[in-house]
1. Pairs B:134/B:172; A:28/A:58; B:32/B:134: which exceed 32 Å Cα-Cα?
2. Per-residue Cβ counts within 10 Å, from other chains only, averaged over A:67-77: what number is that?
3. Please list, by residue number, every one of the GluC sites (Glu not before Pro) in segment B:23-94 that is coil in DSSP and has at most 16 other beta-carbon atoms within 10 Å.
4. How much accessible area is lost when chains A and B come together, counting both sides, with a 1.4 Å probe, in Å² rounded to the nearest 100?
5. Nothing charged except the Cβ atoms of Lys and Arg (+1) and of Asp and Glu (-1): what's the magnitude of the dipole of segment B:7-102 about its Cα centre? Round to the nearest 20 debye.
6. Expected output is a single nm value to one decimal: the length gained when fully extending between residue B:166 and residue B:69, i.e. 0.36 nm times separation in residues minus the C-alpha distance. What is it?
7. At 7 Å along the Cα-to-beta-carbon direction for both residue B:93 and residue B:184, put a label point, then send me their distance in nm to one decimal.
8. Hey, any idea what Rg/Rh is for segment A:4-54, computing Rh the Kirkwood way over Cα pairs?
Amino acid sequence: MQNTECTFVCEQYTDYKENALSSETKLKVEKHLSLCATCSDIFQELNEVINNLHHFPKVTTSPDFTNNLMSRVDDLKHETTWHKIYKSTYTRVAGYAVAAGFLVALGLNIWLDPVSTINPQKVQGFAGDQNAPSPTIESLVVGADSASGGVGDTLQLQNNTIKATNQSMHLVSDSK
Amino acid sequence: MSEKITPTDEQLIAQFQGGNDTAFVELVDRYKDRLVNFVYRFLHDMTDAEDLVQETFLKVYKNKHAYREIAKFSTWIYTIAGNLARSELRKRKRRKTYTMSELSFDDNEFTPVDTGKDTEGIVFNTYAGQEIMKAIKQLAEPFKTIIILRDIQELSYEDISTILDIPMGTVKSRVNRARLKLQETLRYLKE
């Protein structure tokens, strides 16, 4: 396009072809076309383009298109309620919500108790702590002794009871 | 002799909404080729185009009561098909299979479509047919859609305005610009 008038005229092409221009604008366009060979050529080419598009080869559906479609429609009709629920968007959204809830719960758990959740081996007495050394009797006794009473006292008491029982048995046999 | 009156699309959809499946089949027969022509210009694959048109009709079947006679049936069904086509193109872009084949213009793209199914394959073998198709593909999406709806599907400006949800003035100006772009692209054929 050569100048602003050419631009203006080309912008009017569709309305001009469809007779939708005011008589004043139509006259202006026609006057310009009679003087401007470039725009006249463009209008001619546009006519050819549109003619080609109107006669553009058409594609057609395959002969079994309708039959295939109707068998899919039949499938739709026989779809069970559970299938509909399974396929429905709401079900999928609910699934995502449950998954999101689980992740949030897991996140909260980590946030509130990061040590036991992330590294459970660092927690004493953790049942799954496979690498922890097995407790020995000494360690248990020492551990117990350190508490009030203690296993050592208990053992001593048990020895005294045994001695007392033996003495009682001697007394019984003497009396016989 | 009484003349058989052909029901309008709107009368057929009303019958279908009332439970008459034969009316649905009649609508399928009326629109299947028009819709496949429409979506084929975007997808460039006959199998995909047919699948998408089937999806369109299934949506119509499932949501028949969503149609209200405030719009023409044709604009409703074109809107559904157009939305599905756009969604399919977005999926293709995500899968990265849409890049070169859709944006480049090698001759491989114009390998005739299954000629058993349509006649376009034969015409694609002609140079002009190939060049016109290339020029349409070269247009930006809004211009491509508008030129297909107006000059290939030959829909009215009013219908296009409803389908694309844009003002009629915008439709007209885009049609004109799309035509000018096509004319520019195809000009070298004459030189």
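The values are calculated or read from the model by the stated rules, or taken from the named source; none is laboratory data. These numbers were taken from a predicted model, which means no experiment stands behind them. Note: ideal-geometry Cβ built from the backbone for every residue, glycine included; neighbour counts use all protein chains shown. Remember, those area values only see protein heavy atoms, side chains included, never the ligands or the DNA or RNA. Shrake-Rupley method; radii C 1.70, N 1.55, O 1.52, S 1.80 Å.
1. Distance filter (> 32 Å) returns A:28/A:58.
2. Values: counts 0, 3, 12, 6, 0, 5, 9, 0, 1, 3, 2.
Whole-number average of other-chain Cβ neighbours for A:67-77 is 4.
3. B:69
4. Adding both sides of the contact gives about 3700 Å².
5. Working: 17 positive and 14 negative charges, 144 e Å.
Roughly 680 debye, rounded to the nearest 20.
6. Details: separation 97, 0.36 × 97 = 34.92 nm, distance 2.00 nm.
That works out to 32.9 nm of additional length.
7. Output for this residue pair reads 2.2 nm.
8. 0.96
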